[in-house]
1. If I compute solvent accessible area with a 1.4 Å probe over the protein chains, what percent of it on the chain is carbon and sulfur?
2. Relative contact order for the stretch 232-336: what is it in percent, counting Cα pairs under 8 Å that are at least 6 residues apart?
3. For the stretch 58-111, rounded, prolate or oblate, judged on the Cα gyration tensor with a ≥ b ≥ c (square roots of eigenvalues), a/c < 1.5 rounded, else prolate if a/b > b/c?
4. Which order do the peptides 192-203, 261-272, 302-313 come out in when sorted by mean C-beta neighbours inside 10 angstrom, highest first?
5. How long, wide and thick is the stretch 18-156, going by the Cα atoms along their three principal axes, in whole angstroms, largest first?
6. With every protein chain kept in place and ligands, DNA and RNA left out, what is the accessible area per residue of the stretch 100-163? Probe 1.4 Å, answer in Å².
7. For the stretch 258-336, what is the percent of antiparallel DSSP beta bridges, rounded to the nearest 5?
8. Give me the dipole magnitude in Debye, nearest 20, for the chain about the Cα centre, with unit charges on the beta carbon: positive for Lys and Arg, negative for Asp and Glu.
Amino acid sequence: EILMDAYIKGISYYLPKKVITNEEISSEFPEWTVEKIYTKLGIKERHVVDKGETALDLGVNAAKKLFEEYSFSKEDIGFLIFCTQSPDYHLPTSACIIQEQLGLPKSIGAIDVNLGCSGWIYGIYLAKSLVVSGMVTNVLVITSETYSIYLHDRDKGNRTIFGDGAAATLVSTEGLCRLGESVLGTDGSGFEKLIIKSGGARYPEKMDDIKLDDFGNPLSSDYLYMNGPDILNYTLEVIPTLYAQVLEKNLLLPDDIDLNVFHQANQYIAKLQRRKLRIPQEKYFEYFECVGNTVSSTIPIALKEAINQNKIQDGSKVLSVAQGLGYSWAGVIMFF
């Protein structure tokens, strides 16, 4: 029996029109100059949703762009995976609404996946499994996040980092690049390090428990809470092992990789990771300056840009890893 391969056939992304610049943030928080934000994070601006605009809307727009850019018929989609942590409703499943809005066949399977920064690699891993098993030929993976709706107005730390955005990736039996082997991992003991505590079944009511940390940042169970230092330490602990495992599983060495396209958190984290793994600058792609950290969409957005900038050619081997809230991590190699 010949095992089928799975490929990425296309990637498109969509950003909301509204932009928040460092100038705007600096005018609200004068102690943070435009230069200070940019020097530390490498981010100049981030796109955020307007009132009444949701992650579902962004995802639908990204998918429409994909069908147009690659002249792909939506009739040929066999399965839809929608990865978000900012769904329109507790229930129903956002993917079901997207099926209707995009006019996808009623014969498809459609599911939501609730994952953060590792979400895209998980999504294409699931898509690959569906294709390789012979169940379907084409899987549409949409990643879309609007963390801006979860951030307190005075939370300058997170407001400088996160941007909203969506990406649509088509996984198929042929295409731009073959998907190699993936490595996935989970450690739920760190679940409280990045969390919105209230609003779910465990704590349904708003807690109204806002207090300020040593830096004047608001901490509240009703908004996004991130323990940056702990997450960074954990990431720097996990990523080297993950990197080595991904290479090993694909029978490759670090030098075999032509381009590393990691989860695009910010410049500060990128620099630490690159140095820790001793990756030369020219083999490490960065794309967050005008988009910020778009959570599950950072890797597909960066891949699309790397392709557009001819940083990826035929024959390129590209390695991606991501670690994020949950804790959850994933890695994959793509053979162009």
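The values are calculated or read from the model by the stated rules, or taken from the named source; none is laboratory data. All values reported here derive from a predicted model rather than from experimental measurement. Counting neighbours? That spans all protein chains shown, and the Cβs are built from the backbone with ideal geometry, glycine included. Accessible surface areas use protein heavy atoms only, side chains included; no ligands, DNA or RNA. Shrake-Rupley method; radii C 1.70, N 1.55, O 1.52, S 1.80 Å.
1. That share works out to 52 percent.
2. Relative contact order, the stretch 232-336: 35 percent.
3. In terms of gyration-tensor shape, oblate.
4. Values: 192-203: 13.9, 261-272: 21.2, 302-313: 17.2.
The most tightly packed comes first, giving 261-272, 302-313, 192-203.
5. 56, 28, 27
6. 36
7. Taking every DSSP beta bridge within the stretch 258-336, about 75 percent pair in antiparallel fashion.
8. 360
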